[in-house]
Amino acid sequence: MSEYILEISHVSKYFQGLVAINDLSMKVKKGQIYGIIGPNGAGKTTLFNCITGIYRPEIGQILWKGKDIKGSNPYKIAELGILRTFQTIRLFAEMSVAENIMSGRHIKSKQRWYNGVIPTPAYVRDEKANWEKVGELMDFFNLTEYATIPAGDLSYGIQRRIEMARALAAEPELLILDEPAAGLNENETLELTQTIRKIQEMGVTIMMIEHDMEMVMSLSEYITVINFGAKISEGVPSFVQDDPVVIEAYIGSDEEDEDE
Amino acid sequence: MMNKTSLIAIALLVFMGFFPLFVDSAWLAVGTTFLVFSVVALSQDIILGRAGVFHMGHAMFFGLGAYTTAILNVNFGLPILATWAPAVLVPMLVAFVMVAPIIHLRGDYLLVATIGFNIIFIQVLENDIFGLTGGPNGLFGIDVVRVLGFDFSSQTHMYYMAFILLGITLFIMRNLDKSKFGRAMFYIHKDEIAAQSMGINVRYFKLYAFILGAGIAGAAGSMFSVQYSAVSPEAFNVTQSIMFFTIVLVGGSASLPGVLIGTFVMFVLPEMFREFETARYLVFGVAMILTMILRPRGIWPVRFGNIPDFLKKGVK
């Protein structure tokens, strides 16, 4: 097997004839933090939706450990260990924080089909172990005090933490973060940076779309820059930062529409 | 430790347990039907309140259970006891075969499709298919439950059988809510895309809800047919389906006390005000509208946050 855990090769995605992603390729190494930047509307979130199975790209391959996962059902992709957060937070708003995080334990839970009706000793053990894991994650993300509170009632910054805790509860190999710092204040962003580093230290590979340049440049080991659905530059942060093509794309894009 | 809800539940259980001792036979029958309808409403709630699937054909599964018992007993002479398992399994099988091809449909489309199934079901019954269903008049002379020479034939027996059935149903619902299956249904209900992205197979769990709901409704149907010793198509038509759908929304989706209150409000209250004849339905129409405006989540809404106590320790 190659050193790359995820290989995206020549992927294109169209929406009614409009090109959303145009012949995009990238390779993510195991354990890496991989940044994806680009102006609004460049197709970054569309790319994440292609990887996680929400969209099926028309052309190209998405190889996960060498196997093509293009067009697989999203739940199957999650089962493979690819978990994500959303740019527009998608929590189960009426449900408590603990229950939200518990959804991440779904694929790890070993309950059998009849346990929905009848409890068994194995079910009791499984249930307890999973709730304990939820407790650990609430500790890690400083969410313990909100355990019983409906996720939708909490502030934006806390909701972002719940979403990451939920994804991490599934013990992902690849964690996909779609603008994790959006809407956070300076302190929260700083905390988030440290949290992402800790997640990397656990051995999780991370792909991240982010507009906060300071954060994405300090965290990422490798960056791809996308504009109008196509790759315009890639490399280590220091290279990308000074690439004239990138600078031009950003200066020329002030009036772009909001991303999705 | 006892909280308020469990105290109310125990008080209600005791009241329902002794109910046959201080009512006449007419009210006993109302009580029995209330129990049976509660079971059907709870099973509707698995599909509608938990999985969030707009299913308006639930009377069909209720009717399938009732007719399975009736046909096997009246036409084939099987004892009632022997019809229980088929009365549960047939609706489950039909739910799987009919719903699997349409489960991907979005809410409003699926709603229309389930109404369609219910209408076809009534047509089949009324046309006396294979000479088994008795046509528009239905089937009569359904036997009572007999175990080892003992006949459970009185109204009081019926009441307690329905009481046990409701107990079993509540036991199942409680287990469902505390398992990954019940939770998966909620996640799908609240945000399907987020649920999928957490590895939840939406199709599987929606079908699971349908099949489980159909099986429980079938058990209630079997009980219903024995209680009245007769079945006829109009007890299982779309109007009945609408009633079960409404019970869940008026009472409180996914809330066990809510659904029981809903059944009481939609079924028992009209019986109490019989002297007003059809005028009472005007009041009920208005009450339904007001509930949806004033309490859109139902009379007794569901409360989330049922998590183990050790996770609540840090909550301020």
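The values are calculated or read from the model by the stated rules, or taken from the named source; none is laboratory data. Because the structure is a prediction, the values reported are computed rather than measured. Cβ atoms come from the backbone with ideal geometry, glycine included; neighbour counts cover every protein chain shown. Keep in mind that these areas ignore ligands, DNA and RNA; they rest on the heavy atoms of the full protein, side chains included. Shrake-Rupley method; radii C 1.70, N 1.55, O 1.52, S 1.80 Å.
Using a 1.4 angstrom probe and counting only protein chains, how large is the accessible area of residue A:10 in Å², to 10?
110 Å²
Which percent of the accessible heavy-atom area of the stretch A:33-76 goes to carbon and sulfur, probe 1.4 angstrom?
Result for the stretch A:33-76: 43 percent of the exposed heavy-atom area is carbon or sulfur.
Run lengths n ≥ 4 of DSSP H only: what is the helix-derived mean residue ellipticity at 222 nm for chain A, with -39500 (n - 2.57) per run over all residues, to the nearest 500?
Helix-only estimate at 222 nm: -10500 deg cm²/dmol.
Checking the a/c ratio against 1.5 first, then a/b against b/c, what shape does the Cα gyration tensor give for chain A?
prolate
So if I take the centroid of the Cα atoms in the stretch A:27-96 and the same for the stretch B:14-41, what is the distance between those two points in Å?
54 Å
Order A:222, B:204 by their accessible area, 1.4 angstrom probe, all chains in place, largest first.
B:204, A:222
Ignoring everything except DSSP H segments at least 4 long, calculate the 222 nm mean residue ellipticity for chain B; use -39,500 (n - 2.57) per segment, divide by total residues, nearest 500.
-20500 deg cm²/dmol
Between the DSSP loop rule and a limit of at most 15 other Cβ atoms within 10 Å, which GluC sites (Glu not before Pro) in the stretch A:137-244 are left?
A:221
With the radius of gyration and the Kirkwood radius both derived from the Cα set of the protein assembly as shown, what is their ratio Rg to Rh?
1.06
Mind checking the dipole of the protein assembly as shown: about its Cα centre, +1 per Lys or Arg Cβ, -1 per Asp or Glu Cβ, Debye to the nearest 20?
Here the size comes out at about 2020 debye.
What ranking of B:129, A:206, B:211 comes out by heavy-atom accessible area, probe 1.4 Å, highest first?
Accessible-area ranking of B:129, A:206, B:211, largest first: B:129, B:211, A:206.
Expressed as a fraction of 2.2 N^0.38 Å, the rule-of-thumb size for a compact globular protein of N residues, what is the C-alpha radius of gyration of the stretch A:108-150?
1.40
From the backbone phi of the stretch A:191-198, what are the Karplus-calculated ³J(HN,Hα) couplings (6.51 cos²θ - 1.76 cosθ + 1.60, θ = phi - 60°) in whole Hz, Gly and Pro given as x?
4, 4, 4, 5, 4, 4, 4, 5
With +1 assigned to the C-beta of every Lys and Arg and -1 to the C-beta of every Asp and Glu, and no other charges, what is the dipole magnitude of chain B about the Cα centre in debye, to the nearest 20?
1520 debye
How much accessible area does residue B:151 have with a 1.4 Å probe, in Å² rounded to the nearest 10?
Accessible area, nearest 10 Å²: 60 Å².
Based only on Cα atoms, what mean projected area does the convex hull of the stretch B:135-252 have, in nm²?
Approximately 10.0 nm², given one-decimal rounding.
Name the residues of the stretch B:174-200 whose amide N is less than 18 Å from a point 7 angstrom out from the Cα of residue B:3 along the C-beta direction?
Counting backbone N atoms under 18 Å from the label point, the list is B:174-179, B:183.
Just add up the charged neighbours of residue B:153: K/R +1, D/E -1, any other residue whose Cβ is under 14 Å from the Cβ of residue B:153.
That works out to -1.
Considering only DSSP beta bridges where both residues belong to the protein assembly as shown, give the percentage that are antiparallel (nearest 5).
Of all bridge pairs located within the protein assembly as shown, approximately 60 percent are antiparallel.
Extending each Cα 7 Å along its Cβ direction at residue B:102 and residue A:129, get the distance between those two points in nm, one decimal.
Distance between the two pseudo-spin positions: 4.1 nm.
At a cut-off of 50 Å², which residues of the stretch B:288-316 become less accessible once all protein chains are present than in their chain alone, using a 1.4 Å probe?
SASA drop of 50 Å² or more in the stretch B:288-316: B:304, B:307, B:310, B:311, B:315.
Share of antiparallel DSSP beta bridges in the stretch A:147-260, in percent to the nearest 5?
Antiparallel: roughly 50 percent of the beta bridges in the stretch A:147-260.
Given the alpha-carbon gyration tensor of the stretch B:27-237, what are the semi-axes of its equivalent ellipsoid in whole angstrom, ordered largest first, with each equal to the square root of 5 times an eigenvalue?
For the stretch B:27-237, the ellipsoid semi-axes come out as 31, 20, 13 Å.
What's the center-to-center distance, using Cα atoms, between the stretch B:259-299 and the stretch B:185-253 in Å?
Going from one Cα centre to the other spans 21 Å.
Could you work out what % of the accessible surface of chain B is carbon and sulfur, using a 1.4 angstrom probe and leaving DNA, RNA and ligands out of the count?
On chain B, the fraction of accessible area on carbon and sulfur atoms equals 71 percent.
What does the net charge come to around residue B:42 if you take all other residues with beta carbon closer than 15 Å to its beta carbon, with K and R at +1 and D and E at -1?
0
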